[in-house]
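To start, the structure under review is shown below, and the notes come after it.
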Number of protein chains: 2
Amino acid sequence: MMDKEIFVDLLSQRQFRAVRSILDVMNEVDIASLLSDLEDKELALAFRLIPKDKAADVFANMNNSLQTYLVEMFTEKELRELLDDLYMDDTIDLLEELPANLVTRILDTVGQEKRNTINQLLNYPEDSAGSIMTTEYVGLRQGMTVGQAMAHIKKIGIHKETIYTCYVIEKRRLLGIVTAKDLMTSNDEVKIDDLMETEIISVGTHMDKEEVATTMRKYDLLAIPVVDEEGLMVGIVTFDDAMDVMVDEVTEDMTKMAAMNPSEESYFETSVFNHAKNRIPWLLFLMISATITGVIISRYEVAFASVPQLVAFIPMLMDTGGNCGSQSATLIIRGLALEEIHFSNIFKVIFKEFRVSILVGIVLSIVNGLRIFIMYHDALLAITIGLSLAATIMLAKLIGCILPLLASKVHLDPALMAAPLITTLVDTCSICIYFSIATKLLHLAV
Amino acid sequence: MMDKEIFVDLLSQRQFRAVRSILDVMNEVDIASLLSDLEDKELALAFRLIPKDKAADVFANMNNSLQTYLVEMFTEKELRELLDDLYMDDTIDLLEELPANLVTRILDTVGQEKRNTINQLLNYPEDSAGSIMTTEYVGLRQGMTVGQAMAHIKKIGIHKETIYTCYVIEKRRLLGIVTAKDLMTSNDEVKIDDLMETEIISVGTHMDKEEVATTMRKYDLLAIPVVDEEGLMVGIVTFDDAMDVMVDEVTEDMTKMAAMNPSEESYFETSVFNHAKNRIPWLLFLMISATITGVIISRYEVAFASVPQLVAFIPMLMDTGGNCGSQSATLIIRGLALEEIHFSNIFKVIFKEFRVSILVGIVLSIVNGLRIFIMYHDALLAITIGLSLAATIMLAKLIGCILPLLASKVHLDPALMAAPLITTLVDTCSICIYFSIATKLLHLAV
């Protein structure tokens, strides 16, 4: 990695040749991360020193605020050059984040044809296949030979995001797929009709991007064709975007499971106010829900007034119940996301969790019962806590596995709907179980 | 998708031509998933009907128990044919899961040269780059022209896992990288020395596979070269394996964050006993830890004996504290995994969480204080709970952000060490805060 200080020094001393030769050997991703630490003025200067063939790629790897600043700075000519080299999917990403006046400026700069494409792509719903696809792919015609296809790619390939999967198209209809590997390992006179794969895996423009990524991973695809409602090919999604989608979706799931609204930006990019805004709603809701547990406890005031020890076991029961529930919920939510578990498996899941909860319940109850007996020499208390614990564990595991499955059935997000609710639900149940067992076994008045 | 019932019917009626024509048009991944539902005997039969050019790929997509069964079934000749077509990384995956007698059988079947490679690959530590790499890549020589390189690829490419990234090698030392795109879009007489990228991004054989995947995603690489300690090239990791690593690591992180030992197998493949074994240790540990909170509560028996209402607020305080803590912990753990946050940012993180916790604390305390005042008409009680809640939230957010950062500093897994501990730690603290504030403000005896 280039030392940032040295780079900034060279830049401020206007040692342009040295700066340029450094940028010459550096990777685009690394240049983008080096430049992202610069002051605005230095940034524009440094960006202009990047070798032309790397500039668009560096730009695509920068964050939105830097991109916005650069677009503002660029001359008409610079902007046109950048837009010529920028892949269509990166152009769309950029336009989705820019302020309106800059979007207009960009639409004015590109030609009529590209403007039409852009406007069409911007119309696809957020998170759809259409919104992340690119329109730059290699199209081949039926009847071509391998030699002709290779010549075609040589002519147009350099401007296409990927040339490794080529699409045989007739009147915009996708007939087959030929990989660059097929072309490179076949003789020139072979017809692509004989090479092409006609069992095509494709996605619709409105398919959720997470599903697109899952499909690509399932079939190990470098690119997947996107077709519109009439079955006409409109673009492709490439593996690098699919990887990014997968990572973003996981972050979103984890965030939701921890009872937060997900943020579009990274931790540091999100403002304190937005962090608070993302976290408060669920906390408020869960706080209010937890008062239900409080109300239930109040009903047993007489019970724990006569046996104050009972109160001391509340945290242990609540925590263990919560932990058991979130263990099951996490496994099910992840299994649903990976499509290893489906709603139709609900009885299989319940039966499995039921058996697991018996094993877990027995071990934990015995350990805890023994501990209590040793500490308090009170067999009845030990049995009360042991039984309550076992019942809590079994209930927690059941709630933990059923709730995400139900959420998925009614097309709610299991990560959002199930995980945060489970603790509160389990708490309420465990307190009810605990005090009803305790009052019965210890013959307490309510 | 093929209807499974129809397929099984055709198979049991021995309609081999129909079965074969179905398998002919199906994708390898789909065939694998279709076959995985068959009985053992039907499976061997169906597998033998798969077109030869798809068989190895179908096999690679099957789960371990089916693979084991098939290897047992295969004749010497069938096994040799399969191993010839199976990529090296898939062969290693297979060998790592097979029982010893079948490993020996396979090593006896392959030739001496391949046996040496296999033995070497099996020696790399689990989860290292070496353990997931393949040795089948396209090597080119310096001085070759594009035309020569293309001719070389045409000859050997079909047996290589990827031909899209080619490696220019001299005495096993990696000099540069040429992409198939460079080759396909350049003229035949161009020297590859002029095309090749010499700023090489590579990984060491012992690098953790998660880091390998992160590097590949950062630079959008289709394949990354793996070099040994002497800098000699030994293999490559391809994007499909990197994607799988990413998904597995996320599942592992989520599992650990929910206080479980991760399982190598999917939910249904893991036995009830193993599920219980993975879940009990942390539950036991956390249950015992939670008794500390119980002990603290016991010390305040006199306090809540005189104001029994106090007990009713325990679940609300504990839950809110736990939720606040896991919100912060989740964001930090994910940020660490994505390399957006590093230990060196600890003060920036603490300052950010501190400000967020003030906002969150104020909103939640006011809402809850008002609720209590309205329900109980007791200003002092409202203030007591409000203050305790605010202090708990601030502490929870601090613990939630500091603990994962500390874990990463001492090279412990933040997901494993931080997330499950936080609830217990926050519980203990919140109970301490609550009762000290309550006894002071309400002038209670301890």
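Per residue, how much space in cubic angstrom lies within the convex hull of the C-alpha atoms of the protein assembly as shown?
193
How big is D, in µm² s⁻¹, for the stretch B:15-153 by Stokes-Einstein at 37 °C and 0.692 mPa s if Rh is the Kirkwood radius over C-alpha pairs?
197
Taking the convex hull of the Cα atoms, report for the stretch A:54-130 its projected area averaged over all directions, in nm².
The directionally averaged projection comes out at 4.9 nm².
Quick check: Cα centre of the stretch A:128-174 to Cα centre of the stretch A:225-278, how many Å?
Taking the Cα centre of each part, the stretch A:128-174 and the stretch A:225-278 sit 28 Å apart.
So the label point goes 7 Å from the Cα of A:Arg80 along Cα→C-beta, right? Which residues of the stretch A:90-105 then have their backbone N under 16 Å from it?
Under cut-off, by backbone N: A:105.
Could the peptides B:353-359, A:320-326, A:364-370 be put in order, highest first, of the mean number of other beta-carbon atoms found within 10 Å of their residues?
In descending order of packing, they fall as A:320-326, B:353-359, A:364-370.
Straight-line reach from A:Lys397: which lysines fall under 27 Å, measuring Cα to Cα and dropping same-chain residues less than 8 apart?
A:Lys256, A:Lys348, A:Lys352, A:Lys409, A:Lys440, B:Lys256, B:Lys277
Report, to one decimal in Å, the Kirkwood hydrodynamic radius for the stretch B:126-183 based on all distinct Cα pairs.
Radius from the Kirkwood sum: 12.1 Å.
Inter-copy label distances at A:His159, 7 Å along the Cα→beta-carbon direction, one decimal in nm, shortest first?
Distances between equivalent label points, in nm: 4.1.
When ranked by the protection proxy of mean other Cβ atoms within 10 Å per residue, highest first, what sequence do the peptides B:122-132, A:125-135, B:235-245 form?
Top of the packing list down: B:235-245, A:125-135, B:122-132.
Write down, largest first, the equivalent ellipsoid semi-axes of chain B in whole Å, where each equals the square root of 5 times an eigenvalue of the alpha-carbon gyration tensor.
57, 30, 19
Could you work out the mean count of beta carbons from other protein chains within 10 Å of each residue's beta carbon in A:353-360?
5
If the label point is 7 Å along Cα→Cβ of A:Leu107, which residues in the stretch A:51-94 have backbone nitrogen under 14 Å from it?
A:92
Mean residue ellipticity at 222 nm from the helices of chain A, using -39,500 (n - 2.57) per DSSP H segment of n ≥ 4 over the full residue count, to the nearest 500 deg cm²/dmol?
Value at 222 nm, helices only: -21000 deg cm²/dmol.
Name the trypsin sites (Lys or Arg not before Pro) in the stretch A:1-91 that are in a loop by DSSP and that have at most 14 other C-beta atoms within 10 Å, would you?
For trypsin sites (Lys or Arg not before Pro) across the stretch A:1-91 that sit outside H, G, I, E and B with at most 14 neighbouring Cβ atoms in 10 Å, the list reads A:Arg14.
Please average, across the residues of A:324-330, the number of beta carbons from any other chain that are within 10 Å of each residue's own beta carbon, and give a whole number.
Mean partner shielding for this stretch: 5.
For the stretch B:1-72, run through the GluC sites (Glu not before Pro) and keep only the ones in DSSP coil with at most 14 other Cβ atoms within 10 Å of their Cβ.
B:Glu39
Given N residues in the stretch A:1-89, what is its alpha carbon radius of gyration divided by 2.2 N^0.38 Å?
Against the compact-globule rule of thumb, the ratio is 1.01.
Just to be sure I understand the rule: take each whole DSSP H helix in chain B, project its Cα atoms onto its long axis, keep it if the span is 24 Å or more and its mean Kyte-Doolittle hydropathy is at least -0.5. Which ones pass?
The qualifying helices are B:239-257, B:272-299, B:314-337, B:346-376, B:379-409, B:419-441.
Across the residues of B:234-247, average count of Cβ atoms on other protein chains within 10 Å?
3
Given a Förster distance of 35 angstrom, what is the FRET efficiency for A:Leu95 paired with B:Glu229, based on the Cβ-Cβ distance and rounded to 0.05?
Rounded to the nearest 0.05, the efficiency is 0.15.
Return the equivalent ellipsoid semi-axes of the stretch B:110-250 as a descending list in whole Å, where each equals the square root of 5 times an eigenvalue of the C-alpha gyration tensor.
Taking √(5λ) for each Cα gyration eigenvalue gives 26, 17, 14 Å.
For a quick check of your reading of the filter: which GluC sites (Glu not before Pro) in the stretch B:179-241 sit in a DSSP loop and have no more than 10 other Cβ atoms within 10 Å?
Sparse-neighbourhood loop GluC sites (Glu not before Pro): B:Glu189, B:Glu229, B:Glu230.
Going by how many other beta carbons lie within 10 Å of each one, how would you line up B:Thr117, B:Thr185, fewest first?
B:Thr117, B:Thr185
Evaluated at 4 °C with a viscosity of 1.567 mPa s, what Stokes-Einstein diffusion coefficient in µm²/s does the stretch B:190-326 have when Rh comes from the Kirkwood expression over alpha-carbon pairs?
Translational D for this selection: 64 µm²/s.
Over the stretch B:319-446, what is the mean sequence separation of C-alpha contacts under 8 Å (at least six apart), divided by residue count, expressed as relative contact order in percent?
Over the stretch B:319-446, the number comes to 38 percent.
For chain B, what is the relative contact order in percent, using Cα pairs closer than 8 Å and at least 6 residues apart in sequence?
Rounded, it is 11 percent for chain B.
Quick check of the Kirkwood formula: for the stretch A:305-443, what is the inverse mean of 1/r over all pairs of different Cα atoms, in Å?
Every distinct Cα pair counted, the radius reaches 15.5 Å.
Report, in whole Å, the centroid distance computed from the Cα atoms of the stretch B:279-318 and the stretch B:376-442.
Centre-to-centre (Cα) distance: 13 Å.
Determine the equivalent ellipsoid of the stretch A:364-446 by diagonalising the alpha-carbon gyration tensor, then write out the semi-axes as square roots of 5 times the eigenvalues, largest first, rounded to whole Å.
For the stretch A:364-446, the semi-axes come out at 32, 13, 8 Å.
Compute the normalised compactness of the stretch A:281-351: alpha-carbon radius of gyration over 2.2 N^0.38 Å, N being the residue count.
1.57
Counting DSSP beta bridges with both partners in the protein assembly as shown, what percentage is antiparallel, nearest 5?
75
To one decimal in nm, how far is B:Arg355 from the same spot in the other copies, if labels go 7 Å from Cα toward Cβ? Please give the shortest first.
Copy-to-copy label distances at B:Arg355, shortest first: 5.4 nm.
Any idea what the A:Arg173 label distances to the other copies are, label 7 Å down the Cα→Cβ vector, nm, shortest first?
Here A:Arg173 shows inter-copy label distances of 5.8 nm.
Bear in mind that the values in this text are calculations on the coordinates, not laboratory data. Keep in mind the model is a prediction, meaning the values are calculated, not measured. Note that we place each Cβ from the backbone using ideal geometry, even for glycine, and neighbour counts take in every protein chain shown.
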